[in-house]
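Below is one structure, written out as structure tokens, with a few remarks after it.
The values are calculated or read from the model by the stated rules, or taken from the named source; none is laboratory data. Note that this is a predicted model, so its numbers are computed, not measured. Positions of Cβ are backbone-derived with ideal geometry, glycine not excepted, and every protein chain shown enters the neighbour counts. Surface accessibility is based on the protein's heavy atoms, side chains included, excluding ligands, DNA and RNA. Shrake-Rupley method; radii C 1.70, N 1.55, O 1.52, S 1.80 Å.
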There are 2 protein chains.
Amino acid sequence: MKLASLNQSRDGELIVASRDLSRGARVSDIAPTLQRALEDWDRLAPRLERVYAELNADRCQEAFDLELDRLHSPLPRTYHWADGSAYLNHVQLVRQARGAEMPKSFWADPLMYQGGGDHFLAPQGDIEAISEDHGIDFEGEIAVVTDDVPMAISEEQAMSHIKLIMLVNDVSLRGLIPGELAKGFGFFQAKPASSFSPIAVTPDELGDAWQDGRVYLPLTVHLNGEKFGEPQAGPDMIFNFPRLVAHAARTRYLGAGAIIGSGTVSNPGPEGGPGKPVQSGGVGYSCLAEVRMVEKILHGDSHTPFLRFGDRVRIEMFDRSGSSIFGAIDQQVVRYHRARSTA
Amino acid sequence: MKLASLNQSRDGELIVASRDLSRGARVSDIAPTLQRALEDWDRLAPRLERVYAELNADRCQEAFDLELDRLHSPLPRTYHWADGSAYLNHVQLVRQARGAEMPKSFWADPLMYQGGGDHFLAPQGDIEAISEDHGIDFEGEIAVVTDDVPMAISEEQAMSHIKLIMLVNDVSLRGLIPGELAKGFGFFQAKPASSFSPIAVTPDELGDAWQDGRVYLPLTVHLNGEKFGEPQAGPDMIFNFPRLVAHAARTRYLGAGAIIGSGTVSNPGPEGGPGKPVQSGGVGYSCLAEVRMVEKILHGDSHTPFLRFGDRVRIEMFDRSGSSIFGAIDQQVVRYHRARSTA
């Protein structure tokens, strides 16, 4: 099943999307918002599935043409957004670029930070930023959405609480990260609002690409219309999603609608070292920081710039037949005009 | 105006409480939840204020006797919970106890971490914990609630977005903190669900105790029925609430219902060193970690234990006439029984 939210209120209006993303159907008689559907998932999901089946069979009378740019993130806001860093290749590169070793414990204990969930960006809306000097970057990731998760559950139990999967652009302000991490309390200003793919899908939609709590498909990233990366999301994800959910729930309950992210999708090169850019025959990257770190490791200096106002990033994932599963995150970076928001 | 939420659904039912906390009035015809009231505050607050005036004048026909133990936290869940650490005496003691200096930049740039807002505890409900070995601690704090806050506002503008004030028990698992901070991504498992005072109040309720964006009253903490601390919340708060709100909003919008906390209320001793316990004539502390740090600094070792199952902590604040402003946070620590939550 594929679900989305029309961008027309704080929580959006829940709709069901057809498998090919061409058509949508309103379902406010079942649940007005995705948040509400997740709060009563076992009861409501079968009713939403029936609409989905009718929509795919072209038997849904009230169906409308789906325009992805009218959609908000599937959860326009959430009570819990936590992002892991499960592709340790990314973490290793960060460390290597500054001449530090990654602690061995990182292989056994997931990194995770708590993000702000009150104000996500629309998947095809602008990324407002104050200054190019903040080192604006994208991070292509995958995320899962849970129903209510009890505290201290096992990984096996966690798997059953994963209800939806979507893509993420975890916008990051690289210039603010060193100062914040030095303070010891983790990311805050360095992680402004994220956006999610227009469509969230149930795990069964991925077929055998959903295995062991991982998505075995490439994540395709374009920067200003040129392919920037196509890293495999499956094999190098050291901690799978059930593990990340169990980590998040170790000492507290997670409320329905909790979003747990994978961290930046990242593959090492074939020989285990830093991977190559797409132009050199590699799978490329899903964030600018990574190519900059590879440049620094290989050449002593980074030359790829961070995002400038006007730059556009596109993040999507295709199934093996070439169809877009989640619709594209497609965003332009724009200068924040204070007057607009206070009006 | 004083507001609260009946503990009967995920978001509670908004009620107005009388100034003396003896009576309540349902206001679902104005707003079903506090979250909804904050989303349309300028329009709805005047209507809630009228109910408050009637309730205080004993002219509210549907008023009922208020039982604080039937209340949830004013916002039982929120999309944004960020906690500062504005009492730098607390931070200095942490550092001093482990033989480290506090960086000078801490006096100019607030510490703040993002907490999980999906599942707050009820103010007079249990604190469920998995293990006493986690070093269970309370932290007495003050927090403000905002309406929608634009990105990158000034401190002056931030002041106008502070709509409500309440108390916090920021439950902390001290044993998990060193490991998490060493990973560099900040607190996560070490900060399980917090609770808030039964009542949230508009700033005008504090009269001249609300000055310069600070609350100039003592915070009273009892542990197992004995007074543990009565630190002054005003003078040693290095960053006031507008500053903390502006810090949180520097690179992103804050959605209505955002909660920004002060961090552990803490006073230095009269000579500037570590403050004394209540039993020795000092103002005491609002968390166990602090008395343990003072013990370590003075005697080389900590002897006060962290919380055990069955321990009870009470956090409240009285006005100058001795009346409880917010009602008491009054919680017992209990062992988490997994079966109960998965049932």
Of the residues A:Ser85, A:Ser73, which is hydroxyl-bearing (Ser, Thr, Tyr) and more than 30 Å from A:Leu298 (Cα to Cα)?
-> A:Ser73
Could you say which residue among A:Gly125, A:Gly175 is small (Gly, Ala, Ser), open to solvent by 10 Å² or more (accessible area, probe 1.4 Å) and within 27 Å of A:Tyr52 (Cα to Cα)?
-> A:Gly125
Note down all Cβ pairs under 8 Å where the first residue falls in segment A:229-242 and is over 13 Å from A:Pro268 (Cα atoms), the second is in a loop (DSSP other than H, G, I, E, B), and they're at least six residues apart or on different chains.
-> A:Phe239/A:Ala86; A:Phe239/A:Pro110; A:Asn240/A:Ala86; A:Asn240/A:Asp212; A:Asn240/A:Gly213; A:Phe241/A:Gly213; A:Phe241/A:Ser262; A:Pro242/A:Gly213
Within the set of pairs 6 or more residues apart or between chains, which connect a residue that is touching a residue at least 40 places away in the same chain (Cβ under 8 Å) and polar (S, T, N, Q) inside segment B:188-217 to a residue that is open to solvent by less than 10 Å² (accessible area, probe 1.4 Å) and not in a loop (DSSP other than H, G, I, E, B) with Cβ atoms less than 6 Å apart?
-> B:Ser194/B:Val168; B:Ser195/B:Asn169; B:Ser195/B:Ile329; B:Ser197/B:Met166; B:Ser197/B:Leu167; B:Ser197/B:Ile329
What are the residues in segment A:178-221 that are of a type in the set (Lys, Arg) and at pLDDT 95 or above, if any?
-> A:Lys191, A:Arg214
Any residue at all in segment A:239-246 that is under 17 Å from the mean Cα position of the chain (by Cα) and of a type in the set (Gly, Ala, Ser)?
-> no
Here the residues within segment B:315-343 that are touching a Phe, Trp or Tyr at 6+ places or on another chain (Cβ under 9 Å) and either crowded, with 20+ Cβ neighbours inside 10 Å or away from chain A (no Cβ under 14 Å) (or both) are B:Ile315, B:Glu316, B:Met317, B:Ser324, B:Ile325, B:Phe326, B:Ile329, B:Gln331, B:Gln332, B:Val333
Within segment A:255-289, count every residue that is among the polar types (S, T, N, Q) and open to solvent by 20 Å² or more (accessible area, probe 1.4 Å).
-> 2
For residues in segment B:76-103 being in a loop (DSSP other than H, G, I, E, B) and within 10 Å of another protein chain (Cβ to nearest Cβ), which is farthest from the chain's Cα centre (by Cα)?
-> B:Pro103
Count, please, the residues in segment A:189-210 that happen to be assigned to a loop (DSSP other than H, G, I, E, B) and of a type in the set (A, V, I, L, M).
-> 3
Filter segment B:139-159 down to the residues that are more than 23 Å from B:Thr264 (Cα to Cα) and within 11 Å of chain A (Cβ to nearest Cβ), then identify the one that is surrounded by the most Cβ atoms within 10 Å (Cβ to Cβ).
-> B:Val149
Is it the case that some residue within segment A:256-273 is over 16 Å from the mean Cα position of the chain (by Cα) and outside any loop (DSSP other than H, G, I, E, B)?
-> no
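The rows are residues; the columns are (1) in contact with a strand residue (DSSP E or B) (Cβ under 8 Å, 6 or more places away or on another chain); (2) within 14 Å of B:Ser266 (Cβ to Cβ); (3) not acidic (Asp, Glu).
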| position | (1), (2), (3) |
| --- | --- |
| B:Gly281 | no, no, yes |
| B:Tyr285 | yes, yes, yes |
| B:Leu298 | no, no, yes |
| B:Thr304 | no, no, yes |
| B:Arg308 | yes, no, yes |
| B:Asp311 | yes, no, no |
| B:Glu316 | yes, no, no |
| B:Gly322 | no, no, yes |
Checking A:Gly184 against (1) over 16 Å from A:Glu139 (Cα atoms); (2) in contact (Cβ under 8 Å) with a residue 12 or more places away in the chain, the condition it does not meet | (2)
What number of residues in segment A:255-272 are in contact with a Leu (Cβ under 9 Å, 6 or more places away or on another chain) and under 22 Å from A:Gln96 (Cβ atoms)?
-> 5
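Listed here are the residues, each with its yes/no results for (1) within 23 Å of B:Arg320 (Cα to Cα); (2) within 14 Å of chain A (Cβ to nearest Cβ); (3) basic (Lys, Arg); (4) touching an Asp or Glu at 6+ places or on another chain (Cβ under 9 Å).
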position	(1), (2), (3), (4)
B:Gly175	no, yes, no, yes
B:Gly179	no, yes, no, yes
B:Ala200	yes, no, no, no
B:Gly213	yes, no, no, yes
Output the residues belonging to segment B:104-132 that are within 12 Å of chain A (Cβ to nearest Cβ) and among the charged types (D, E, K, R).
-> B:Asp109, B:Asp118, B:Glu128
Positions within segment A:290-314 being assigned to a loop (DSSP other than H, G, I, E, B), over 30 Å from B:Pro150 (Cα atoms) and open to solvent by 60 Å² or more (accessible area, probe 1.4 Å), in sequence order | A:Asp301, A:His303
Scan segment A:88-111 for residues that are open to solvent by 10 Å² or more (accessible area, probe 1.4 Å) and either on the phi > 0 side of the Ramachandran plot or touching a Gly at 6+ places or on another chain (Cβ under 7 Å) (or both) and jot them down.
-> A:His90, A:Gly99
Filtering segment B:219-239 down to residues that are open to solvent by 30 Å² or more (accessible area, probe 1.4 Å) and outside any strand (DSSP E or B) yields B:Asn224, B:Gly225, B:Glu230, B:Pro235, B:Asp236, B:Ile238
Mind checking whether some residue in segment B:248-262 is touching a residue at least 40 places away in the same chain (Cβ under 8 Å) and more than 14 Å from chain A (Cβ to nearest Cβ)?
-> yes
